[in-house]
Amino acid sequence: MVNPILVALDTGDIGRARDLAERLLGRVGGFKVGLELIMSEGPKAVTHIAELGAPVFADAKLHDIPNTVSRAAYELARHGARWITVHASGGGEMISAAVSGFDEGGGGQGVGVLAVTVLTSLDGEDLVATGIGKSLDGQVEALSILAAKHGAEGVVCSPNEAPIVKKASGELLVVTPGIRLPSGNHDDQKRVTTPANALRNGADWLVIGRAITGSNDPVHAVDEIANSLQSESII
């Protein structure tokens, strides 16, 4: 199994992000470039990390009219993203447009769209407050089915909902933020679990940020996580 850790380079400083990526290269499966870095440096932030040779997950969370999303997806693919995120709640036509634009920008070479279901910072009460009548699990299921129908390669969801996604469509990749070490705190996340539990639940990729990037020794933190997964025969 490929190392399932995608390190979230959540900083606005491209120098710091690149330095961290270089230090962790070969120890993790890839890197996430999020909104903070994209807004600070533009889409070239993706290029600066992708040129190191590891897959880059451009977490842009696109949500707009289909044509706009298609062109934005095209640009992110052109700058080297392996995956991009869109909000599944933008609808099927928007997801399809993202897939089309991203595929065009990547020259049809191994790129895929990940549809965000319900942010891990939300819970059932938050959904009700936004006017969504479905339960949290029901919303994740509905959006996963929509994502699969319209060509997404995978979805982003809480690790706790990975089994729901796999039941909705076994073809979808499951990418899970909300990963916390047993000794860590939840920060601003509400639906979290450990790396081992996430993989047992069916996650394919683990997006891990502060547990690694906030450590005094990020290399040691990554090795600790990987070793714990290997000791439990998960990877």
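Coordinate-derived values only; no laboratory data. The shown structure was predicted, so the numbers you read here are calculated from the model rather than taken from an experiment. Virtual Cβ from ideal backbone geometry, glycine too; neighbours counted across all protein chains shown.
Summary table
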| read-out | value |
| --- | --- |
| Dipole-positive endmost among T68, S96, L25 within region 3-107 (Cβ charges, Cα centre) | L25 |
| Calculated FRET value between E104 and K61, using beta carbons and R₀ = 30 Å, to 0.05 | 0.90 |
| Residue-averaged 222 nm ellipticity for the chain, from DSSP H runs of 4+ at -39500 (n - 2.57), nearest 500 | -12500 deg cm²/dmol |
| Rg/Rg_globular for region 1-62, with Rg_globular taken as 2.2 N^0.38 Å and Rg from C-alpha atoms | 1.00 |
| Cα centre as origin, Lys/Arg/Asp/Glu Cβ charges: the chain dipole, Debye | 220 debye |
| The chain - percent relative contact order, Cα under 8 Å, separation 6 or more | 17 percent |
| Semi-axis lengths, Å, region 5-231, gyration tensor of Cα atoms, sqrt of 5 times eigenvalues | 25, 23, 15 |
| Most to least packed among 7-14, 104-111, 52-59 [average Cβ atoms within 10 Å] | 52-59, 7-14, 104-111 |
| Pair D137, R200: separation of 7 Å Cα→Cβ label points (nm) | 1.8 nm |
| 5 angstrom amide H check on L173, placed H, neighbours 5+ away | G154, V155 |
| Share antiparallel - DSSP beta bridges, the chain, percent rounded to 5 | 0 percent |
| Lysine pairs with alpha-carbon atoms under 25 Å apart, the chain, spacing 8 or more or separate chains | 18 |
